[in-house]
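**Student:** Quick one: the structure is below, and I'll ask about it shortly.
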Amino acid sequence: MQTVRDGTRYLLRLDDGQDLFEAITGFAEKEPVTAGTVVFGIGMLKHATFGYWDGSAYQPHDLKAPHELVALHGTIARADGRPSIHLHAAAAGPDHHLVGGHVLRAQVGVLGEVGVETFPGRTFGRPLVESFGLRMLDLEPGSNI
């Protein structure tokens with residue numbers, strides 16, 4: 001993986017075979033990023049599973065063939081002292097139809113290009129919200145709002 005920084009913006013080049021979550025988590029640990037957004041992502045996914053939240057659980061959908069990553073967006077926060085990455089994506093298959101949703105897992109095929117914007121001096125949280133059974137983004141942890 002290659003990374004370049006310009007102020008609060010980063011561009012990441014992910015390589016063939018890299019796990020998308022491991023790469024972004026590793027980047028967030030190294031920099032360290034405690035608050036950020038994944039503003040875009042393009043490239044290829046060899047393997048991926050997208051989820052659809054039905055109100056109580058993610059319904060997984062495995063991509064059966066490599067797909068072009070045409071859109072990737074998300075947030076970088078902290079949970080239990082570690083980076084917590086939340087991603088949604090859209091990908092196009094060999095038939096040129098799109099599939100998308102919450103990214104449960106993904107492996108880069110050939111190349112991935114990911115843009116990240118950071119918020120220096122801030123820490124976003126991702127506490128578990130019991131009523132939904134999900135970790136939800138908290139822009140001001142400890143504010144009791």
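None of the figures in this text is laboratory data; all of them are computed from the coordinates on show. Everything quoted here is computed from the prediction, not taken from an experiment. Methodologically, a virtual Cβ is constructed for each residue, glycine included, from the backbone with ideal geometry; neighbour enumeration extends over all protein chains shown.
**Student:** Provide a single number: the residues in the range 102-133 that are in a strand (DSSP E or B), surrounded by 13 or more Cβ atoms within 10 Å (Cβ to Cβ) and at negative phi.
**Tutor:** 17
**Student:** Can you go through A57, A48, A35, A92 and tell me which one is touching a Ser or Thr at 6+ places or on another chain (Cβ under 6 Å) and either surrounded by 16 or more Cβ atoms within 10 Å (Cβ to Cβ) or farther than 23 Å from T8 by Cβ (or both)?
**Tutor:** Testing whether each residue is touching a Ser or Thr at 6+ places or on another chain (Cβ under 6 Å) and either surrounded by 16 or more Cβ atoms within 10 Å (Cβ to Cβ) or farther than 23 Å from T8 by Cβ (or both) leaves just A35.
**Student:** Scanning for something touching a strand residue (DSSP E or B) at 6+ places or on another chain (Cβ under 6 Å), of a type outside the set (D, E, K, R) and without any contact (Cβ under 8 Å) to a residue 24 or more places away in the chain, does the range 73-80 turn up at least one residue?
**Tutor:** no
**Student:** Looking at L87, L69, which is the one that is over 11 Å from the mean Cα position of the chain (by Cα) and either in a strand (DSSP E or B) or crowded, with 18+ Cβ neighbours inside 10 Å (or both)?
**Tutor:** When all the criteria are applied, what remains is L69.
**Student:** Is the range 60-82 home to any residue that is in contact with a helix residue (DSSP H, G or I) (Cβ under 9 Å, 6 or more places away or on another chain), among the hydrophobic types (A, V, I, L, M, F, W, C) and under 17 Å from A28 (Cβ atoms)?
**Tutor:** Yes; the residues of the range 60-82 include at least one that is in contact with a helix residue (DSSP H, G or I) (Cβ under 9 Å, 6 or more places away or on another chain), among the hydrophobic types (A, V, I, L, M, F, W, C) and under 17 Å from A28 (Cβ atoms).
**Student:** Next question, about the same structure. Look through G43, G17 and report the one residue that is farther than 12 Å from L104 by Cα, surrounded by fewer than 16 Cβ atoms within 10 Å (Cβ to Cβ) and in contact with a strand residue (DSSP E or B) (Cβ under 7 Å, 6 or more places away or on another chain).
**Tutor:** The unique qualifying residue is G17.
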